[in-house]
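The values are calculated or read from the model by the stated rules, or taken from the named source; none is laboratory data. These figures come from a predicted structure and were not determined experimentally. Heads up, the Cβs are rebuilt from the backbone with ideal geometry, glycines too, and the neighbour counts pull from every protein chain shown. Please note that ligands, DNA and RNA were not included when accessible areas were found on the heavy atoms of the full protein model with its side chains. Shrake-Rupley method; radii C 1.70, N 1.55, O 1.52, S 1.80 Å.
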Amino acid sequence: MQSPYKAIKVTEDVWWVGAIDWNIRDFHGYQTKRGSTYNAYLVMADKVTLIDTVKAPFREEMLARIADVIDPGRIDYIVSNHSEMDHSGCLPEVIAAVKPEKVFASQAGAKALREIFPSESLEIAAVRDGETLSLGNRSLVFMETRMLHWPDSMFAYLKEEELLFSQDAFGMHYASLERFDDQLDPAILEYEAATYYANIILPYSPLVLKLLEKVAAAKLSCKIVAPDHGPIWRRDIGGIVGRYGKWASQKPTAKAVVVYATMWHSTEKMARAVSEGLAAGGLQVRFMSMGEVHRSEVVYELLGAGALAVGSPTLNNNLLPHMADVLTYIKGLKPRNLVGAAFGSYGWSGEAVGQIEAILAEMKVESAGEGIRVKNVPDAGTLEKCYGLGITMAEQVKARL
Ligand code: FEO
């Protein structure tokens, strides 16, 4: 029987030959509810070129899709735009199977691949920012995109097809057999692209803004943007590029995220009162219990938020573990332009609120006022204070809009 894995035509000379990971639900801490794809592309130029490879367990799927177009042994070049293992995990085996004439990566990429595969003696040719690689009747122009997503990352622009291979940028974790944006529900694309941005790209937002300027200055005309995850953009390129600009700017809007953990519902009562105050002050509120929602959802909601209220009771002189988890995660993703405050109940020692305030300060969140702590159960006066804190936060956010 022939392999069921087929290549999908992107343009006359470019094929998608990647792999679909239907079942992945955790991508280093990011909950991927719709699975993912690892995209690889075959450019059928005079020099047949494979752009990126796939995560190691998916090597055979990728090779089968390539074989649907051409004998894999006829590949001349492999370009590694990004060395993270979801795109390079099977690179040594693919090199051994294909025996390409050359393998290309950025300077940092060549170094990283040698470090990732120290026993493989990989021969990688390093390309420079702006360098053009002739494929005979086609040409690839490389553009360094450091830290998007790793120091090695680069774009490759197939000039004659006006096609940008953008590795992680403009991607999303969304497994589908439909490979193009115009074949999928735009609302899901917007949600998954935003979730991906918040969970992967957010810390590099200042670099995204610089990159968008660089791409605009280069006046690259793009008919297709082909990322390494999720669908290929051919209908709404302006939309996804525009959204990257908006997300990267991190301009606050009239939106607040209230995130809390609770033991016996005392901190939850405080969270409800803070939320009522925020809403009365004119903000849209996202109310998120860490017992019920995933950290990925919290950072998705932080895109465009102006306020972050955090509540935790004290357990054994510390935050509840759920809260420590999400705060560690949020801190690493470096959201900016937030007003914040802490609250929480305690039984006898009550360190959690101070610990939250210290973390918010490290995150450069502007304090809206002293945190609110309550012993055991909040009374009416405490809930009124929480409501007032919500009002104060809303006023501070609105003053920044
Ligand atoms: Fe999809 Fe940064 O790897």
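With the cut-off at 30 Å, tell me which of the pairs 33/385; 210/331; 223/334; 47/214; 33/111 have Cα atoms farther apart than that.
From 33/385; 210/331; 223/334; 47/214; 33/111, over 30 Å: 33/385; 223/334; 33/111.
For a quick check, take a GNM of the chain with Cα springs below 10 Å and name the residue from 201, 116, 356 with the largest mean-square fluctuation.
116
For the chain, what proportion of DSSP beta bridges, expressed in % and rounded to the nearest 5, is antiparallel?
So the antiparallel bridges amount to about 45 percent of the total.
Compare 72, 151, 118 in a GNM of the chain, Cα atoms joined below 10 Å, and give the one with the largest fluctuation.
118
Of the candidates 362, 268, 61, which one comes out as most mobile in a Gaussian network treatment of the chain with C-alpha springs shorter than 10 Å?
362
Using protein chains only and a probe of 1.4 angstrom, how many square angstrom of residue 152 are accessible, to the nearest 10?
Approximately 10 Å² of residue 152 is accessible to the 1.4 Å probe.
Which value, in Å², gives the accessible area per residue of the chain when a 1.4 Å probe is used on the protein heavy atoms?
Result: 41 Å² per residue.
Can you bin the range 250-318 into rounded, prolate or oblate? Criterion: square roots of the alpha carbon gyration tensor eigenvalues sorted a ≥ b ≥ c, rounded for a/c under 1.5, prolate for a/b above b/c, oblate for the rest.
Oblate shape, in that a/c is at least 1.5 and b/c is the bigger or equal ratio.
If packing is taken as the average number of other Cβ atoms within 10 Å across a peptide's residues, how do 22-30, 234-242 rank, most packed first?
234-242, 22-30
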